[in-house]
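> Please find one structure pasted underneath; my questions will follow.
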Amino acid sequence: MERNTMSYKSKQFLMFAGPALILFCMVIIIPFLYGLYLTFTSWDGVSAEKPFVGFANYVSAFKDAYFWASMGRTIFYSAFAVIFVNAVAFALAYLVTSGIKGQNFFRAGFFIPNLIGGIVLGYVWKFVFNRAFVAIGSAFTDGTVPSLLSSTGGAMFCLILVSVWQYAGYMMLIYVAGFMGVSDSLKEAAMIDGCTPSQAMRNVTIPLMRTSFVTCIFLSITRCFVVYDVNLSLTNGEPFMSSILAAMHVYNKAFIYKDFGTGQAEALILFLVCAIIGIAQVYIGKKGEVEA
Amino acid sequence: MNQNELAAKQKKRRQVITIIVLIIVFILFVIPFLLVLINVFKTKGDITSNPLALIGEHGFTLQNFPEAMAKMDFWNVFKNSAIITFSATILTILFSAMASFVIVRNNWKACTLFFALMIASMVIPFQVLMVPLVSVYGGIFGILGSRITLIFMHVGFSVSMATFMFHGAIHSNIPLELEEAALIDGCSRWQTFWKIVFPLLKPTVATVAIIDAMAFWNDYLLPSLVLTDKEIYTIPIATQAFYGTYSTDIGLVMAALLLAMLPILILYLFLQKHIVAGVTAGAVKG
C-alpha cells in the first residue's frame with residue numbers, strides 16, 4: 001500500500017477528521033466569517049436582501065451610548081466578580097486541603113452550584129432575594145424592606161454575589177489541584193529554614209501556584225464578560241435597564257430591536273475587549289512564572 | 001514533651017476552627033437550595049406569608065408537583081434534554097477522538113492547520129456567532145426548530161476543546177509501539193484506532209463526557225435560539241418559559257425549579273467523585 005500519495009493522505013484525513021472538520025466549519029468558521037460580512041450590511045432579520053452599508057454599523061456601535069454603558073457595567077461587574085471569585089475560591093481551596101476530616105465532602109458540596117444552569121440558579125436566587133431576604137429584613141425592622149433587586153446598586157450587588165457563589169466552587173477545584181501540586185518537602189524545607197506557616201505560604205506556595213492563578217483569572221474573566229443567563233433570569237436588566245450587561249445588550253440589539261448589523265458589530269467589539277484583557281492577563285501572569 | 005503536647009493541642013484547635021468555618025460556609029452555599037426545598041411543600045399563601053418557616057400554616061402539601069409537572073410538560077422536556085445531551089455527547093467523543101488521532105500521528109499540513117484553527121477558535125465567545133448562526137441556519141436554510149440541528153451545533157461547538165484534550169491524551173499516554181505492533185499484525189489505521197487506541201482513551205472519554213454532558217444539559221442561549229417549537233424545549237428553556245407565564249404562582253415556581261435541578265443533583269449523588277475528578281482534569285488542561 002502506498003502511504004505517501006496525496007490520495008492516501010486525504011482519504012485518511014477525511015476518514016478520521018472529516019466529521020469534526022465539517023461540523024466545526026459549519027458551526028464556527030462559516031458563521032464567524034458570515035458574521036464579519038453581516039457587520040457591513042443593514043439587515044433586519046427578515047428581508048431577503050442585505051444592503052451593503054460599509055462601516056456604518058461600526059460607527060453606530062461606537063455612538064451607541066447604551067452599548068458603552070452596558071460595557072462599563074460589564075467591566076465593573078467583572079472586576080468585582082473576578083476578584084471575589086478568586087479570593088473565595090483560593091480561601092476555600094486552602095481550607096479543604098488542610099488535611100481535615102471530610103474535606104472531600106466539602107469539595108463536592110462547594111461544587112454543587114456549577115452543576116445547575118445559570119437560568120435556574122438565577123430564578124432560585126431571585127426567590128431568595130425577593131422573598132426570603134425581604135422576610136428576614138422585615139422581621140428586624142418595622143415596615144417591609146424593599147428587595148435588593150429593586151434598587152440599581154442592589155441589583156448589581158446581587159449579580160456579583162450570585163456569580164461569586166456560582167463560580168467559586170469551580171475555581172476552588174483548580175486551586176486545590178494547584179495546592180496539591182506543591183510538594184510538602186518544599187514547605188517543610190522552608191519551615192526548617194525558619195519560615196512561619198504564613199511566610200511559607202506567601203513565599204513558597206503562592207509563587208509555585210502561579211499557573212493556577214493565571215488559569216482561574218483567565219477563566220473567570222472570559223466567563224464574566226459574556227455572562228447572559230444569570231443576568232436574564234435574576235435581574236432581566238431591571239430596574240430601569242440598569243443591570244443590562246454587554247452580552248444582554250448585544251442579544252437585545254440583534255434579536256429584539258432587529259438591528260442585526262449593529263448587534264453583530266457590537267458583539268465583535270465585546271469579543272475584542274474580552275480577548276485583549278484575557279490575553280494581556282495571561283501574558284503578564286506567565287512572565288513571572290517560577291519553577292521548583 | 002510539653003512542647004509537643006502544646007503543638008498537638010494547637011494543631012487540634014486549628015483543625016476544629018477550620019471545620020467550623022467550612023461548615024458555616026457550606027451552609028451559606030446550600031441555603032438557596034434549602035429555601036427552595038422547604039417552600040416547595042407549602043401552599044402559595046404560606047410561601048408569601050412566611051418563606052422562612054419550615055412548614056407552612058396549612059401544613060405539608062405535595063400539590064405543587066403534579067400541577068407544575070403538567071404545566072411544564074416535564075417528562076417530555078426531560079426526554080428532550082436527555083436525547084440531546086446523550087447524542088451530542090457521544091458524537092462529540094467519537095468525532096473528536098478520531099480527529100485527534102489523525103492529527104497527533106501525522107504532521108501533514110491539513111492536520112496542523114485544522115488543529116491551530118480549533119485552538120484559536122476556543123477564545124471566540126458564543127455572542128459573536130449567534131447572529132450569523134441564526135441568519136444562516138434559520139434564514140437561509142430554515143433548519144432551526146429541530147433537535148437534530150441543535151445536536152450537531154452542540155457537537156460543532158465542543159469538538160475543538162474535546163479534540164484538544166484527546167490530543168494531549170494520545171500524545172502522552174499511547175505508546176507508538178502498540179500501533180506499530182498492530183500494523184505488523186495486519187490492522188488498518190481504522191482498526192488500530194478502534195481496537196487499540198480508543199479503548200485506552202477511557203479516562204479522557206470520561207472527562208470529556210462529564211464536561212460536555214453538563215454543558216449541554218445546562219445550556220440556555222444556543223437552545224433558546226434553535227428550539228423555536230415548544231414541543232422540543234429542553235429543561236432550561238422550559239424553566240424560563242414556565243417562569244415567564246407563572247411567576248406569580250410561587251408554589252408552582254418552586255416545584256418547577258426543584259424539578260429542573262433534581263435530575264442532575266441525583267446523578268451527582270452517585271457520580272460525585274467522577275464528576276469532580278473529570279471537571280478538575282478538564283479545567284487544569286484547558
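> Out of all the residues in the range B:33-42, is one or more at pLDDT 90 or above, within 12 Å of chain A (Cβ to nearest Cβ), within 30 Å of residue B:206 (Cβ to Cβ) and surrounded by 14 or more Cβ atoms within 10 Å (Cβ to Cβ)?
Within the range B:33-42 (the criterion being at pLDDT 90 or above, within 12 Å of chain A (Cβ to nearest Cβ), within 30 Å of residue B:206 (Cβ to Cβ) and surrounded by 14 or more Cβ atoms within 10 Å (Cβ to Cβ)), the answer is no, since none of the residues qualifies.
So that you can scan it fast, the table gives a plain yes or no per residue for (1) surrounded by 21 or more Cβ atoms within 10 Å (Cβ to Cβ); (2) aliphatic (A, V, I, L, M); (3) outside any helix (DSSP H, G or I):
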site	(1), (2), (3)
A:187	no, no, no
A:190	no, yes, no
A:202	no, no, no
A:218	no, no, no
A:224	yes, no, no
A:240	no, no, yes
A:244	yes, yes, yes
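> Follow-up question, since we're still on this one. Quick one: in the range B:238-252, of everything that is more than 7 Å from every other protein chain (Cβ to nearest Cβ) and surrounded by 24 or more Cβ atoms within 10 Å (Cβ to Cβ), which residue is nearest to residue B:60 (Cα to Cα)?
B:251
> A further question on this structure: Within the range B:45-56, identify whether any single residue is more than 9 Å from chain A (Cβ to nearest Cβ), assigned to a loop (DSSP other than H, G, I, E, B) and in contact with a helix residue (DSSP H, G or I) (Cβ under 6 Å, 6 or more places away or on another chain), and answer yes or no.
Yes - at least one qualifying residue is present in the range B:45-56.
> Related question: Pick out the one residue from B:82, B:99 that is surrounded by fewer than 18 Cβ atoms within 10 Å (Cβ to Cβ) and in contact with a Pro (Cβ under 9 Å, 6 or more places away or on another chain).
Every option except B:82 fails the conditions.
> What residue, among those in the range A:32-83 that are of a type in the set (Gly, Ala, Ser) and exposed (fewer than 13 other Cβ atoms within 10 Å of the Cβ), is modelled with the highest pLDDT?
Taking the candidates together, the pick is A:72.
> If you don't mind, there's one more thing I want to ask. How many residues are among the aliphatic types (A, V, I, L, M) and closer than 29 Å to residue B:67 by Cα if we restrict to the range B:243-286? Explain how you work it out, then say what you get.
In the first step, residues of the range B:243-286 are kept if they are among the aliphatic types (A, V, I, L, M); the result is B:250, B:252-262, B:264-267, B:269, B:271, B:275-277, B:279, B:281, B:283-284.
If we keep only those that are closer than 29 Å to residue B:67 by Cα as well, we get B:250, B:252-262, B:264-267, B:269.
So the answer is 17.
> Take residue A:266 and tell me if it is more than 11 Å from chain B (Cβ to nearest Cβ) and among the acidic types (Asp, Glu). Walk me through how you get there before you give the answer.
Details: more than 11 Å from chain B (Cβ to nearest Cβ): no; among the acidic types (Asp, Glu): yes.
Spelling it out, it is not the case that residue A:266 is more than 11 Å from chain B (Cβ to nearest Cβ) and among the acidic types (Asp, Glu).
> Show the residue pairs that are 6+ apart or on different chains and have beta-carbon atoms under 7 Å apart, the first residue being within the range A:18-45 and facing another protein chain (nearest Cβ under 8 Å) and in a loop (DSSP other than H, G, I, E, B), the second being crowded, with 17+ Cβ neighbours inside 10 Å and of a type in the set (Lys, Arg).
A:43/A:50
> Name the residue that is nearest to the other protein chains (Cβ to nearest Cβ), counting only residues in the range B:131-168 that are small (Gly, Ala, Ser) and part of a helix (DSSP H, G or I).
Checking each candidate, the answer is B:156.
> If a residue must be more than 8 Å from chain A (Cβ to nearest Cβ) and either free of Cβ contacts under 8 Å to residues at least 40 places away in the same chain or not β-branched (Val, Ile, Thr) (or both), how many such residues does the range B:210-224 contain? Even if it seems obvious, please write down each step before you answer.
Going residue by residue through the range B:210-224, those that are more than 8 Å from chain A (Cβ to nearest Cβ) are B:210-213, B:215-216, B:222-224.
Among the residues that remain, those that are also either free of Cβ contacts under 8 Å to residues at least 40 places away in the same chain or not β-branched (Val, Ile, Thr) (or both) are: B:212-213, B:215-216, B:222-224.
Going through the range B:210-224 one residue at a time, the tally reaches 7.
The values are calculated or read from the model by the stated rules, or taken from the named source; none is laboratory data. Small disclaimer: the values here were computed from a predicted structure and weren't measured. Note that we place each Cβ from the backbone using ideal geometry, even for glycine, and neighbour counts take in every protein chain shown.
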